[in-house]
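I have a structure I would like to understand better, so I am pasting it below and will then ask my questions one at a time.
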Amino acid sequence: MTGNLFDDGTNNSITPPVSHFSGFLSAQQQSLLLAEVTLYPLTQLEITVYGKKHLIPRTQAWFGDEGCDYRYSKTLISPEPWPPILSRLREKLFQDCQLDFNAVLVNQYANGSDCMGWHSDDEPEIQPNSAIASVTLGACRDFVIKHKTLKHKFIYPLQSGDLFIMHPGMQQEWLHSLPKRLKVTTPRINFTFRRIIANFYR
Ligand SMILES: O=C(O)CCC(=O)C(=O)O
């Protein structure tokens, strides 16, 4: 585990419950996964904010076991079946980290203009007190975490092949985001593996 986090100068005796593992995927595993991503049904969702329609600044796909539906801004999304390499990555998370996931959200950021705003992964369909694991491919981007009520803020530059785990408790107390980084000109793909309560919306 690396300790490559930078705080903003506030008292950092309070730290988020996360782990960062550099080089979780080998170069060969990364290229196999990257090749498979080109086949994914990535789409740019439209959301309505205060009655106005917006396209979200990234493309997404949702894969998982039967019944692992996910709600994104009033839209219910049913999972696509697991592609073979992604399924092997899920298996690796189980073998190496004893983390048992049944769904994954894939986000593709075309360049540093694509981003994700502050949020917690606290949707009701997510199994309470479960971890969320994030695997990164492609461009290095800053993953930023801030406490919901205190000033503490941490920046984790995530490189291609890194694994980042948000442990139970993280979503209750902390927010996270992937801010714009306009100097980044190449794509980044991120996989957030989740434990979903099957048939929650059925
Ligand atoms: O791309 C990232 O690292 C952030 C993804 C994220 O925050 C999410 O899927 O909830």
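Residues in the stretch 103-116: is at least one farther than 26 Å from residue 57 by Cβ and away from the ligand (no atom under 11 Å from the Cβ)?
No, every residue in the stretch 103-116 fails to be farther than 26 Å from residue 57 by Cβ and away from the ligand (no atom under 11 Å from the Cβ).
When residues of the stretch 1-60 are filtered for being among the aromatic types (Phe, Trp, Tyr) and at pLDDT 90 or above, how many remain?
3
Pairs under 9 Å by beta carbon, first residue within 7 Å of residue 162 (Cα to Cα) in the stretch 13-25, partner at pLDDT below 95 and of a type in the set (A, V, I, L, M, F, W, C), six or more apart or different chains?
Close Cβ pairs satisfying both conditions: 21/1; 22/1.
Being within 14 Å of the ligand (Cβ to nearest atom) and open to solvent by 40 Å² or more (accessible area, probe 1.4 Å) is true for just one of 95, 159, 171. Which residue is that? Step through it out loud before you land on a result.
Details: 95 fails: within 14 Å of the ligand (Cβ to nearest atom); 171 fails: open to solvent by 40 Å² or more (accessible area, probe 1.4 Å).
The conditions single out 159.
Would you say residue 154 is away from the ligand (no atom under 12 Å from the Cβ), of a type in the set (Phe, Trp, Tyr), on the phi < 0 side of the Ramachandran plot and in contact (Cβ under 8 Å) with a residue 24 or more places away in the chain?
It is true that residue 154 is away from the ligand (no atom under 12 Å from the Cβ), of a type in the set (Phe, Trp, Tyr), on the phi < 0 side of the Ramachandran plot and in contact (Cβ under 8 Å) with a residue 24 or more places away in the chain.
Under 8 Å by Cβ, and 6 or more places apart or on different chains, what pairs join a residue from the stretch 187-202 that is surrounded by fewer than 16 Cβ atoms within 10 Å (Cβ to Cβ) with one that is part of a strand (DSSP E or B) and not hydroxyl-bearing (Ser, Thr, Tyr)?
These pairs meet every condition: 201/71; 201/76.
Please go through the stretch 174-200 and give me each residue that is within 12 Å of the ligand (Cβ to nearest atom) and not in a loop (DSSP other than H, G, I, E, B), ordered by number.
Scanning the stretch 174-200 gives 174, 175, 176, 177, 178, 188, 189, 190, 191, 192, 193, 194.
Given the conditions (1) within 13 Å of the ligand (Cβ to nearest atom); (2) in contact (Cβ under 8 Å) with a residue 60 or more places away in the chain; (3) of a type in the set (Ser, Thr, Tyr), which single one is not true for residue 130?
Condition (1) is where residue 130 drops out.
Out of (1) open to solvent by less than 50 Å² (accessible area, probe 1.4 Å); (2) free of Cβ contacts under 8 Å to residues at least 40 places away in the same chain; (3) among the hydrophobic types (A, V, I, L, M, F, W, C), what's the single condition that is false for residue 37?
(2)
Further, regarding this structure: With respect to residue 111, determine if the residue is touching a residue at least 60 places away in the same chain (Cβ under 8 Å), assigned to a loop (DSSP other than H, G, I, E, B), among the polar types (S, T, N, Q) and surrounded by 13 or more Cβ atoms within 10 Å (Cβ to Cβ).
It is true that residue 111 is touching a residue at least 60 places away in the same chain (Cβ under 8 Å), assigned to a loop (DSSP other than H, G, I, E, B), among the polar types (S, T, N, Q) and surrounded by 13 or more Cβ atoms within 10 Å (Cβ to Cβ).
Next question, about the same structure. Which ones in the stretch 117-137 are assigned to a strand (DSSP E or B) and open to solvent by 30 Å² or more (accessible area, probe 1.4 Å)?
Our first condition is that a residue be assigned to a strand (DSSP E or B); within the stretch 117-137, this holds for 117-119, 126, 132-137.
Answer for the stretch 117-137, where residues must be assigned to a strand (DSSP E or B) and open to solvent by 30 Å² or more (accessible area, probe 1.4 Å): 117, 118, 119.
Of the residues in the stretch 93-111, how many are under 25 Å from residue 178 (Cα atoms) and more than 16 Å from the chain's Cα centre (by Cα)?
Residues meeting the conditions: 2.
Of the residues that make up the stretch 141-148, is at least one surrounded by fewer than 14 Cβ atoms within 10 Å (Cβ to Cβ) and either modelled with pLDDT under 95 or among the hydroxyl-bearing types (Ser, Thr, Tyr) (or both)?
No, every residue in the stretch 141-148 fails to be surrounded by fewer than 14 Cβ atoms within 10 Å (Cβ to Cβ) and either modelled with pLDDT under 95 or among the hydroxyl-bearing types (Ser, Thr, Tyr) (or both).
Continuing with this model, one more query. Determine whether the stretch 172-183 contains at least one residue that is over 11 Å from the mean Cα position of the chain (by Cα) and among the hydroxyl-bearing types (Ser, Thr, Tyr).
No: zero hits.
The values are calculated or read from the model by the stated rules, or taken from the named source; none is laboratory data. Bear in mind the structure is a predicted one, so any value in this text is a computation, not a measurement. Cβ sites come from the backbone with ideal geometry, for glycine too, and all protein chains shown count toward neighbours. Side chains included, ligands, DNA and RNA excluded: accessible areas come from the protein's heavy atoms. Shrake-Rupley method; radii C 1.70, N 1.55, O 1.52, S 1.80 Å.
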